[in-house]
Amino acid sequence: MKCLAMADLHQPAPRTRNPRRLYAALDLGTNNCRLLIARPSDSGFTVVDAFSRIVRLGEGLAASGKLSDEAIERAIEALTVCADKLSRRGVHLSRSVATEACRQASNGGAFVERVYRETGIALDVIAPGEEARLAVAGCHALLEEGDGPALIFDIGGGSTELVLLEPGDGAPIVAEWLSVPWGVVSLAEAEPHGSPDRDERLAAYARMRARAAESMADFIDHRMFAGEAPLRLLGTSGTVTTLGSVHLGLDAYDRRLVDGLKVPTESMRAISADLAQRSVAERAELPCIGDERADLVVAGCAILEAILDIWPAPRVGVADRGIREGILRALIASGAR
């Protein structure tokens, strides 16, 4: 656990002299490649273009220690689309980051060099602490109001970041942060969950929860629970946005309904338990899960339940924002100087 500076998170990005300038943030994770292009506005920024694709860059990484040729090709194909958008939009300033898969892979450096050579995108492989800071900077505004301590979490593809915030006036005060080596890809590969037998699926889910819980066991200082104010919890990841969509019964994902949603903890646990006992094919039938998420969503549920075990908040806040939004606010602020 380490301390993390989080100054000025509540301050909106200042206006630039040229509000027509465009800024971009690209986040290449273990599972997804995401791009946002935005222009400054009074509220911070307005998105003018976006791109998101599941690339599974970290597929097979735990077993081989390196990025596979197939995963590299998928990622470069997605990054080529991003490079074209950056060029066509005439972006003034951008930043592109990569996270756990590139941190772990023995060929991560070679991959970054190839990406730059073929697409012109310079990936910055960031440390877990910066990943946590950017995620909080991008989503903390959605924290439920109150005086109780708060936890923001980001369930990624290869790791999960936990940031404990203390109550304070103005910017959040970060008490502790932790990065654990389990995300939806790494945990699903460590504990396969595709058995045709329901009991075996439930046993695998229990092992997933145990692995995740063990990695978080010493994180929380229980003195944080001494007050009477209820705990606050906010998640930013595909896991919580997917479960939020299932909670709402959506036929198709709708960011406007999901971003900022507050879901009762009991509902999150019930949905997680239901998904864990289903087969991959049965999960894929749910509109907001589909084939792309059906084999990974249960690992995310296991991580989420482990978090709920150590942080028993009454509700889970859902954020469809995070690292990219944190990058954009910093870029726009720097562009105004």
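For the range 41-65, a residue qualifies if it is within 19 Å of VAL297 (Cβ to Cβ), open to solvent by 30 Å² or more (accessible area, probe 1.4 Å) and free of Cβ contacts under 8 Å to residues at least 60 places away in the same chain, and the qualifying residues are SER52, ARG53.
Out of GLU161, GLU118, GLU189, one residue alone is open to solvent by less than 10 Å² (accessible area, probe 1.4 Å) and of a type in the set (D, E, K, R). It is GLU161.
Condition check: touching a residue at least 24 places away in the same chain (Cβ under 8 Å) and open to solvent by less than 20 Å² (accessible area, probe 1.4 Å). Does ILE310 satisfy that? When the stated conditions are applied, ILE310 does not pass them.
For the range 1-29, the set of residues classified as under 27 Å from LEU151 (Cβ atoms), modelled with pLDDT of 50 or more and open to solvent by 10 Å² or more (accessible area, probe 1.4 Å) consists of ASP27, GLY29, listed by residue number.
Criterion first (at positive phi, of a type in the set (Gly, Ala, Ser) and at pLDDT 90 or above) does GLY249 satisfy it? Yes; evaluated as a whole, the condition is true for this residue. Selection of the range 155-207 for residues being polar (S, T, N, Q) and in contact with a strand residue (DSSP E or B) (Cβ under 9 Å, 6 or more places away or on another chain) yields SER159, THR160, SER179. Take the conditions (1) loosely packed, with under 13 Cβ neighbours inside 10 Å; (2) part of a helix (DSSP H, G or I); (3) not β-branched (Val, Ile, Thr); ASP218 misses just one of them, which is (2). For ALA75, the criteria (1) open to solvent by 60 Å² or more (accessible area, probe 1.4 Å); (2) part of a helix (DSSP H, G or I); (3) at pLDDT 95 or above hold in every case but one, which is (1). Restricting attention to the range 86-111, the residues that are in a helix (DSSP H, G or I), without any contact (Cβ under 8 Å) to a residue 60 or more places away in the chain and open to solvent by less than 30 Å² (accessible area, probe 1.4 Å) total 2. Give me the pairs: first residue in the range 254-274 and among the hydrophobic types (A, V, I, L, M, F, W, C), second residue in a loop (DSSP other than H, G, I, E, B) and surrounded by 17 or more Cβ atoms within 10 Å (Cβ to Cβ), beta-carbon distance under 6 Å, and six or more apart or on different chains, which are they? Going by the 6 Å Cβ cut-off, the qualifying pairs are VAL258/ASP320. Applying the set (1) over 24 Å from VAL298 (Cα atoms); (2) surrounded by fewer than 23 Cβ atoms within 10 Å (Cβ to Cβ) to LEU178 leaves exactly one unmet item: (1).
With the requirement that a residue be β-branched (Val, Ile, Thr) and either surrounded by fewer than 23 Cβ atoms within 10 Å (Cβ to Cβ) or touching a Lys or Arg at 6+ places or on another chain (Cβ under 8 Å) (or both), what does the range 123-158 give you? Before the answer, list the steps.
First, pick out the residues of the range 123-158 that are β-branched (Val, Ile, Thr): 125-126, 136, 152, 155.
Once the filter is applied, which keeps residues that are β-branched (Val, Ile, Thr) and either surrounded by fewer than 23 Cβ atoms within 10 Å (Cβ to Cβ) or touching a Lys or Arg at 6+ places or on another chain (Cβ under 8 Å) (or both), the range 123-158 yields VAL125, ILE126.
The values are calculated or read from the model by the stated rules, or taken from the named source; none is laboratory data. Just so we're clear, the structure is a prediction, and the values are computed from it rather than from any experiment. Don't worry about glycine lacking a Cβ; one is built from the backbone with ideal geometry, like all the others, and counts go over all protein chains shown. Ligands, DNA and RNA are excluded from the accessible area calculation, which covers all protein heavy atoms including side chains. Shrake-Rupley method; radii C 1.70, N 1.55, O 1.52, S 1.80 Å.
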